[in-house]
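The next block holds one structure in the form of structure tokens; read it before the comments.
The values are calculated or read from the model by the stated rules, or taken from the named source; none is laboratory data. In this text the structure is predicted, and so the values were computed from the model without any measurement. Quick reminder, even Gly has a Cβ in these numbers, built from the backbone with ideal geometry, and neighbours come from all protein chains shown. We work out accessible area using only protein heavy atoms, side chains counted, and drop any ligands, DNA or RNA first. Shrake-Rupley method; radii C 1.70, N 1.55, O 1.52, S 1.80 Å.
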Amino acid sequence: MATRSTIMDTNSFRAEHADALDARTRSLTDRRGQLLGESYRLFYRNPVHLVRGEGQYLWDAAGEKYLDVYNNVASIGHCHPAVIAAVHEQMSQLNTHTRYLHERILDYTADLLTTVPDAINKAMYMCTGSEANDLAIRIAKAWSGGSGIIVTQEAYHGTSELTSGASPALGSGQPLAPTTRLVPPPDRYRVDAPDLGAWWAQEIQKQIDDMAAHGIKFAGLLVDSIFSSDGVLPGPQGFLKPALEVVHANGGIFIADEVQPGFTRTGDSFWGFGRHGIVPDVVTLGKPMGNGIPVSGLLAKANVLAAFSDDIPYFNTFGGNPVSMAAAQAVLQVIREEKLQEHSLKVGGQLRNELALLADRHPSVGDVRGAGLFTGFELVSDRENKTPDKALALDVIERLRAERVLTSVAGPYGNVLKLRPPLAFQVEDIDWLVGSLDKVLTACAVK
Ligand SMILES: Cc1ncc(COP(=O)(O)O)c(C=O)c1O
């Protein structure tokens, strides 16, 4: 069997770490072991037991305060009062589903559609990013009459049969669908092509040709527009254009998975694809959409969606319910009122400037890249050869935890720190993060 990396297994607690835990933590990990399915992975050798959150901060059961540099779900800030009030108000009144009339879903949709290009003019709602991508794949199949889906080599798109079959990040234990093809990620740091967009479009064409050679009709390209699990690869603005052209020339659809970069995270625009000036056929949304309330969505061009919805009904019991819509509406409002897109651009840029200064002092820092408040911080053992240093990345993550800074790793080699705080992250928080990183990298270097 081909070995693929299992990014979800890195930075995770294992049974052999249990003896070092304090009694309270040990009792919780033991109970999890007894009660929960084994597929769950806990972060850190010494797992964190969180009991409270506010803005960009979290507190553990012992009262210790942490800086959250990882959570993009509580995107506008943990326990944001606007979301709490909206959910409370709607929950106190009514919660039903999409088979009854209700204004909330219509008002929210009208508002949400103002954030995307005019050609994208229909919405559907679910509860998770997996469900959104699952439906997107079904739409791609209905539209194209094909079944072939292309994703990147370390992509993660979800938990369902269709999406896990298009999620190589789940590792070699999870079979990919025979109709899935992988393209290398457009990694500006490691790919030496003068025109990254043209190079990547060629890689996509190669896979479409390979499908044809195997009797598989191409249905679509499904990509996270900031390539989070591939190592956070924002790439130059506009480089996705040739990929879109290749996809259309071959009769498929372009699905922009905005579960990670969406809702102003990348700062330059409201959506990750917006950085590239492209109009995808389908856009899938999730994580930050309800700031913790499980709500996800799919936006599409009406004619593309019609290929599916004219023939097949869709009902998702909780998707689009008034309480979820109230939470999602509050998130949109806060993004505007608190000017979070501008904030993300400004603070993210400042953070990367500071991280770049850190790179001047620590040879183990190979690359610092990102957009808005989404940064990849790549660690290497040899700068010239760009040799990935996964062991160092894991050591850094564990040591940052001791500094009460929470983050994790990404990328095919597990050597990229994924710095993705709630958008509530402030300029004042940069010192805590960068100071801790400086301390930890210095300690690792003299080890
Ligand atoms: C890019 C991307 N797509 C889809 C998903 C699946 O979302 P969910 O866990 O809400 O099903 C994830 C989750 O991590 C993701 O990162």
**OP:** Among residues belonging to the stretch 118-132 that are farther than 17 Å from L332 by Cβ and part of a loop (DSSP other than H, G, I, E, B), point out the one that is farthest from the ligand (Cβ to nearest atom).
**Re:** D118
Original post:
Does V223 fit the bill of being closer than 21 Å to Y413 by Cβ, open to solvent by 10 Å² or more (accessible area, probe 1.4 Å) and among the β-branched types (V, I, T)?
Top reply: no
**OP:** Check Y100 against each of (1) more than 30 Å from D429 (Cβ to Cβ); (2) within 22 Å of the chain's Cα centre (by Cα); (3) at pLDDT 95 or above and name the one condition it does not meet.
**Re:** (2)
Subject >> Restricting the stretch 22-69 to residues that are over 21 Å from S436 (Cβ atoms) and acidic (D, E), the residue that is most open to solvent (accessible area, probe 1.4 Å) >> reply: E38
**OP:** Take P194 and decide whether it is away from the ligand (no atom under 16 Å from the Cβ), over 30 Å from T109 (Cα atoms) and without any contact (Cβ under 8 Å) to a residue 12 or more places away in the chain.
**Re:** yes
Subject >> Counted residues, the stretch 287-322 - those being open to solvent by 10 Å² or more (accessible area, probe 1.4 Å) and either within 14 Å of the ligand (Cβ to nearest atom) or under 11 Å from A132 (Cβ atoms) (or both) >> reply: 7
**OP:** Only one of these is crowded, with 24+ Cβ neighbours inside 10 Å, closer than 17 Å to N71 by Cα and in contact (Cβ under 8 Å) with a residue 24 or more places away in the chain: T284, T266. Name it.
**Re:** T266
Original post:
Looking at V83, V73, which one is within 16 Å of the ligand (Cβ to nearest atom), open to solvent by less than 60 Å² (accessible area, probe 1.4 Å) and aliphatic (A, V, I, L, M)?
Top reply: V73
**OP:** Please go through the stretch 277-286 and pick out each residue that is more than 10 Å from the ligand (Cβ to nearest atom) and polar (S, T, N, Q).
**Re:** none
Original post:
For the stretch 369-400, how many residues are of a type in the set (S, T, Y) and closer than 14 Å to I226 by Cα?
Top reply: 1
Original post:
Restricted to the stretch 368-389, and to residues that are open to solvent by 40 Å² or more (accessible area, probe 1.4 Å) and of a type in the set (S, T, Y), which residue is nearest to S269 (Cα to Cα)?
Top reply: T387
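Rundown of residues vs (1) open to solvent by 30 Å² or more (accessible area, probe 1.4 Å); (2) within 30 Å of H248 (Cβ to Cβ), yes/no style:
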{"residue": "N95", "(1), (2)": "yes, no"}
{"residue": "N133", "(1), (2)": "no, yes"}
{"residue": "A142", "(1), (2)": "yes, yes"}
{"residue": "E154", "(1), (2)": "no, yes"}
{"residue": "E161", "(1), (2)": "yes, yes"}
{"residue": "G165", "(1), (2)": "no, yes"}
{"residue": "T180", "(1), (2)": "no, yes"}
Original post:
Can you find even one residue in the stretch 431-444 that is assigned to a loop (DSSP other than H, G, I, E, B), of a type in the set (V, I, T) and more than 18 Å from T266 (Cα to Cα)?
Top reply: no
